[in-house]
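Worksheet: the structure to be examined is printed underneath.
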């Protein structure tokens, strides 16, 4: 009896999943940070250095955490990453890296006070830019851990068991960013990012183990550059690859639409789905409404897609349509927010 029950459940699962087919599509989303379209010239500045820091304290910290000049190289790499990404964006006519700035009480992993607006205006005017991206915080925190073990090595005298020392160095990179709009005197974004680089080495003693990973600086600067690129993409529209499952069984029209969709004829598939919108069979009509929602999203008509998805759930109780409608509502909300910010 138990075996038959399990087989029945498996059969029902296969039956349900075989009623749908997956399609992948690209959806476009507004940028996380809205930058007015009038801004086509931008500046990037490294403001992560502490003003009047104690050289003695810095030397002790560098020795203990193995940082050396990692903060200097890493922060410059992060700023360079922002610059590199902005220059790939065709909306900008000009991008520049400004001279580094210092800040009181800087060099710690909290945001300093924002730049005064008169200084932001002066910097932008001097460099002939309309907005300013500032790296406000850059800090690396390095942690070292050791473990011991043994290894076997072949020698002329036979196999010899030798002790090994293993070192793991984890460097945590903390960055804080701001975008200044001097015309409207607004801080458009304040964003915190944390990432890490892990390096491992081994040797016959702890010193040898550690010496094999002292070149981790290259990995830190490379990751810092990627962090900067990632941050700069917050002011760019984003494209995402998503998937949708649509129904391919339940009526002859759904089956024909399936074959048409498999050869990329979505207009032809929609023609068949439309015929089932008024089907006397509620399940068929509901599936047709759900499929038409996906077709409208493929065509870029998100409002029409939401209308179809809502009807598929509210009128025909197609369970999948409830979550799909939520996804579409969120897309429309983000689009409306972007329109409001742009003043369109």
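Throughout, read-outs are computed from the coordinates displayed, never taken from laboratory work. This one's a predicted model, so the numbers in the text were calculated from it and none came from an experiment. Using ideal geometry, Cβ is built from the backbone for each residue, glycine included, and neighbour counts are taken over all protein chains shown.
Points to keep in mind about this one:
- The Cα center of region 77-103 and the Cα center of region 116-188 differ in position by 18 Å.
- Between residue 334 and residue 226, the distance separating the two model label sites (each 7 Å from Cα on the Cα→Cβ line) works out to 2.2 nm.
- For the pair residue 271 and residue 168, a Förster radius of 35 Å applied to the C-beta separation gives a FRET efficiency near 0.05, rounded to the nearest 0.05.
- Listed peptides 118-126, 309-317 by packing density, highest first (mean Cβ within 10 Å): 309-317, 118-126
- Between residue 219 and residue 200, the simple spin-label model (points 7 angstrom out along Cα→Cβ) gives 1.0 nm.
- Cβ crowding within 10 Å averaged over residues, with 256-263, 161-168 ranked highest first: 256-263, 161-168
- Taking all Cα pairs closer than 8 Å and separated by 6 or more residues, the relative contact order of region 258-344 comes to 20 percent.
- Diffusion coefficient, µm² s⁻¹, Stokes-Einstein with Kirkwood Rh over alpha-carbon pairs of region 241-342 at 20 °C and 1.002 mPa s: 156
- The slack in the chain from residue 28 to residue 185, taken as 0.36 nm per residue of separation less the alpha-carbon distance, amounts to 53.6 nm.
- Extending 7 Å from Cα along the Cβ direction at residue 262 and again at residue 38 yields two label points whose distance is 5.6 nm.
- Efficiency of FRET between residue 125 and residue 326 - r from beta-carbon atoms, R0 45 angstrom, step 0.05: 0.45
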